[in-house]
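A.B. asks: One structure follows; several queries about it will come next.
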């Protein structure tokens, strides 16, 4: 697994990526103004900085993950500098939580692996600026092996509310683009981060045409 993909999964969920149990305590810097979330989820990078990496200036500027915390997109520091920041009190990722080798993956992702989601996903509507035809070729020859040709072989939903790739891609294209590029923590899922970003965007555009239920 290339470092960018590993780092992207750690950004998503650092404890699941490493096969660990999440912390029981809420992160010390999680704002008291947001009582909707507590415990392990508050220690995930994405919970503060968002799937679009823009924090308060992005999709997490409102809603259940609203924290008022700045994003990480556009940070100009090096991976080494980022490693020190992640070890600082503000983040508090100890060696026991994220060993140094794993932290290098995460800092490299933050320094070099982010994409400008505002350039490819409309902030207000979620419409994706991709080539669905090109995305179909990639999906049907790779992703369909697990997700099925219509995207309904795997279901994360409950009861009468399914959670297929088409469902998820239409509900939260920012999250799905991140996972297309980096995979999903704790499962065997390929990531496309070694390929040009437009390849993942094209897949996202295509799966938004797949059944949602």
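The values are calculated or read from the model by the stated rules, or taken from the named source; none is laboratory data. Computed from a predicted structure; not experimentally measured. Backbone-built Cβ (ideal geometry, glycine too); neighbour counts: all protein chains shown.
A.B. asks: Taking only segment 150-159 into account, find how many residues are in contact (Cβ under 8 Å) with a residue 12 or more places away in the chain and either under 19 Å from the mean Cα position of the chain (by Cα) or part of a helix (DSSP H, G or I) (or both).
C.D. replies: Step one: list which residues in segment 150-159 are in contact (Cβ under 8 Å) with a residue 12 or more places away in the chain, which gives 150-152, 156.
Going one step further and asking which of them are either under 19 Å from the mean Cα position of the chain (by Cα) or part of a helix (DSSP H, G or I) (or both), we end up with 156.
Matching residues across segment 150-159 total 1.
A.B. asks: Of the conditions (1) at pLDDT below 95; (2) over 18 Å from residue 46 (Cα atoms), residue 111 fails just one. Which one is it?
C.D. replies: (2)
A.B. asks: Give me the residue from segment 162-185 that is over 13 Å from the mean Cα position of the chain (by Cα) and either assigned to a helix (DSSP H, G or I) or touching a residue at least 24 places away in the same chain (Cβ under 8 Å) (or both) and, out of that set, surrounded by the fewest Cβ atoms within 10 Å (Cβ to Cβ). Talk me through it step by step, then tell me what you get.
C.D. replies: Going through segment 162-185, the residues over 13 Å from the mean Cα position of the chain (by Cα) turn out to be 162-167, 170-171.
Next cut, either assigned to a helix (DSSP H, G or I) or touching a residue at least 24 places away in the same chain (Cβ under 8 Å) (or both) only: 162, 164-167, 170-171.
On the way: 162: 16, 164: 23, 165: 31, 166: 22, 167: 22, 170: 17, 171: 12.
Ranking the qualifying residues of segment 162-185, first place goes to 171.
A.B. asks: Evaluate the following for residue 203: is it surrounded by 22 or more Cβ atoms within 10 Å (Cβ to Cβ) and not in a strand (DSSP E or B)?
C.D. replies: yes
A.B. asks: Could you check segment 72-149 for helices (runs of 4 or more DSSP H) lying wholly inside it with 1 or more residues that are assigned by TED's automatic domain parsing to the domain that holds residue 40, farther than 28 Å from residue 163 by Cα and touching a helix residue (DSSP H, G or I) at 6+ places or on another chain (Cβ under 6 Å)?
C.D. replies: It comes to 79-87, 100-112.
A.B. asks: Further, regarding this structure: Taking segment 98-142 as the region of interest, how many residues are at positive phi and crowded, with 18+ Cβ neighbours inside 10 Å?
C.D. replies: Of the residues in that region, 0 qualify.
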